[in-house]
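Data first, discussion second: the structure below is written as structure tokens.
Read-outs throughout are calculated quantities, based only on the coordinates presented, and are distinct from any laboratory measurement. Predicted, not measured: the structure shown is a model, and the values here were computed from it. With ideal geometry, Cβ positions are generated from the backbone for all residues, glycine too; neighbour counts draw on all protein chains shown.
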Amino acid sequence: MRLKDRVALVTGAAQGIGRAIAARLVADGAQVILADVNAAGAEAAAGEMGAAAAFGTDIADPQAVAALFEAVGARWGALDVLVNNAAIVPFIPWDEVDLAHWNRIIGVNLTGTFLMCRAATDQMRARGRAGRVINIASNTVFAGTPNMAAYVAAKAGVVGLTRALATELGPHGITVNAVSPGLIESDGVKASPHAQAFEFVEMLQAIKGRGQPEHVADVVAFLASDDARWMTGQLVNVDAGMIRH
Ligand code: NAD
Ligand code: 4PL
């Protein structure tokens, strides 16, 4: 119960890694808010895990993000924990990457993360609340994984944003860290061509087996807790030792 009575919001929590993170934070005693562009999926997941609330929110839409934080402010004042997990995980060879794809991926995965950080940390500071921000990056920023160039660029942007915000928000009692998972058997990956990569990735891992959403969720829960109070601006790699950094 190390997160008892903390208010935590997880984006992209209708399925996959976000859903596992939300469930783990509920298990640790937090009041968890699920936000996902898939409103019905977020509702269903929230009901099953005993979360506090669910919102249908497109993190790339500034008005939707503003409405979300208006509701959060009215009911809870401010968040204690924000987990930026929502992202599009594309499989697209470089020869097919055009400006429309680039803008869509940067718009959700990087700009969406920015909009959530902007609104959440403004609210934390206005209410004099200490806070934790945890951004989900990816070990593709080290590996240069093929078939997702815009995604890799966006995730490297998330790492940069994490480092910069840690410096500017540390004096306000807000820590900002990131987690870089390796290939994880999430709902999205299971339904995509990335599912074909498990054998290859396992060969590169020091620990064998397939990465599961819970492997990521347990590390996020640590970063959300008081145990991580002396950490900020860090990128914690969670990939069974595929990459050493
Ligand atoms: P997933 O596709 O299974 O789930 C993503 C969720 O995000 C979905 O519920 C989707 O509706 C939601 N979402 C998408 N766009 C949104 C938007 N604009 N606004 C709000 N919600 C939105 O994905 P996953 O594999 O669980 O990935 C979760 C996170 O982990 C992502 O940040 C991803 O980049 C990262 N990650 C995944 C892997 C992997 O191998 N699965 C590896 C490294 C990092
Ligand atoms: C190693 O973030 O980290 C495939 C798909 N392989 O999204 C990822 C690896 C994928 C990854 C990722």
Take the residues in the range 186-213 that are surrounded by 14 or more Cβ atoms within 10 Å (Cβ to Cβ) and among the charged types (D, E, K, R), then tell me which one is farthest from Asn85 (Cα to Cα). Glu202
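Do you know which of the residues in the range 123-169 that are assigned to a helix (DSSP H, G or I) and of a type in the set (Ser, Thr, Tyr) is nearest to ligand 2 (Cβ to nearest atom)?
Filtering the range 123-169 down to residues assigned to a helix (DSSP H, G or I) leaves 123-126, 140-143, 149-169.
From what is left, the residues that are of a type in the set (Ser, Thr, Tyr) are 140, 151, 162, 167.
Numbers: Thr140: 5, Tyr151: 7, Thr162: 16, Thr167: 26 Å.
Filtering the range 123-169 for residues that are assigned to a helix (DSSP H, G or I) and of a type in the set (Ser, Thr, Tyr), the one nearest to ligand 2 (Cβ to nearest atom) comes out as Thr140.
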List pairs: first in the range 178-201 and of a type in the set (Phe, Trp, Tyr), second within 6 Å of ligand 1 (Cβ to nearest atom), Cβ under 8 Å, 6+ apart or cross-chain? Phe198/Leu183
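Residue-by-condition table, conditions (1) within 14 Å of ligand 1 (Cβ to nearest atom); (2) part of a helix (DSSP H, G or I):
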| residue | (1), (2) |
| --- | --- |
| Asn177 | no, no |
| His194 | yes, yes |
| Ala197 | yes, yes |
| Ala206 | no, no |
| Ala221 | no, yes |
Enumeration of residues in the range 137-151 that are within 9 Å of ligand 1 (Cβ to nearest atom), touching a helix residue (DSSP H, G or I) at 6+ places or on another chain (Cβ under 7 Å) and under 30 Å from Asp226 (Cα atoms): Ala137, Ser138, Thr140
Out of all the residues in the range 73-92, which are touching a strand residue (DSSP E or B) at 6+ places or on another chain (Cβ under 9 Å) and near ligand 1 (Cβ under 8 Å from one of its atoms)? Asn84, Asn85, Ala86, Ala87
